[in-house]
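The values are calculated or read from the model by the stated rules, or taken from the named source; none is laboratory data. Fair warning: this is a prediction, and the values are worked out from it, not measured in the lab. So basically every Cβ, Gly included, is an ideal-geometry build from the backbone, and we count neighbours across all protein chains shown. Note: areas computed on protein heavy atoms with side chains; ligands, DNA, RNA excluded. Shrake-Rupley method; radii C 1.70, N 1.55, O 1.52, S 1.80 Å.
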Amino acid sequence: MKRFLPWIIVAVVILALYLWASGIYNKAVTLDQDVKESWGNVNTAYQKRNDLIPNLVSTVKGYATHEKSTLTAVIEARAKATSVTIDPTNVTPEQLAAYNSVQSGVSSSLSRLLVSVEQYPDLKANQNFIDLQRELTSMENQILTARTRFNEAVKPYNNNINTFPRNILAGIYGLKEKPYFEASTGADKPVEVKF
């Protein structure tokens, strides 16, 4: 029995190291899936908003035919927003910034459109427009919630792969830190509304 004791000890140590390393990897994979799910929710919220925009534009177009430039800006911003996609597996801070930038363009265009609508009392009283405006407000809140939950999913993943000794194995496994959503440029300044 003494003859096999060193081999048993080596086998136990190897098994313990294997279980430890695979546990770290499996935890990272689980957290990465949470990040991907959260990213899917962000995309779903933005897609729903992009799907609502044509309805809003059509409703406003009937009342505000001379606001063509504002309507065109909304349509173009929506087209840009739907053209930028991100793979959550390999998301980089630059990709996320570009995605955030085009989505901010949609928000900005919608804000200008809704401000220009103030000039049309009949449109403001129209139930279809009121419903669309309510739905867009709800969508903006859903987008904010989805972005917040994405950041909440990124934090444990990043903590998991950046803490010692996990960071050593994360490098071996090729796991990289994921970026957070950050506020758009100028979001710290109050919005100026002109009538």
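Take A146 and decide whether it is open to solvent by less than 20 Å² (accessible area, probe 1.4 Å), at pLDDT 85 or above, touching a helix residue (DSSP H, G or I) at 6+ places or on another chain (Cβ under 6 Å) and over 30 Å from S22 (Cα atoms). It would help to see each step written out before you state the result.
On the way: open to solvent by less than 20 Å² (accessible area, probe 1.4 Å): yes; at pLDDT 85 or above: yes; touching a helix residue (DSSP H, G or I) at 6+ places or on another chain (Cβ under 6 Å): yes; over 30 Å from S22 (Cα atoms): yes.
Answer is yes for this residue.
Consider P179 carefully, then state whether it is outside any helix (DSSP H, G or I) and at pLDDT 85 or above.
Details: outside any helix (DSSP H, G or I): yes; at pLDDT 85 or above: yes.
Yes, satisfied.
Return only the number of the condition from (1) modelled with pLDDT of 75 or more; (2) open to solvent by 60 Å² or more (accessible area, probe 1.4 Å); (3) among the small types (G, A, S) that S111 does not satisfy.
(1)
Of L31, L5, L52, L56, which residue is of a type outside the set (G, A, S) and surrounded by fewer than 16 Cβ atoms within 10 Å (Cβ to Cβ)? Let's see the steps before the verdict.
Details: L31 fails: surrounded by fewer than 16 Cβ atoms within 10 Å (Cβ to Cβ); L52 fails: surrounded by fewer than 16 Cβ atoms within 10 Å (Cβ to Cβ); L56 fails: surrounded by fewer than 16 Cβ atoms within 10 Å (Cβ to Cβ).
Within the list L31, L5, L52, L56, the selection yields L5.
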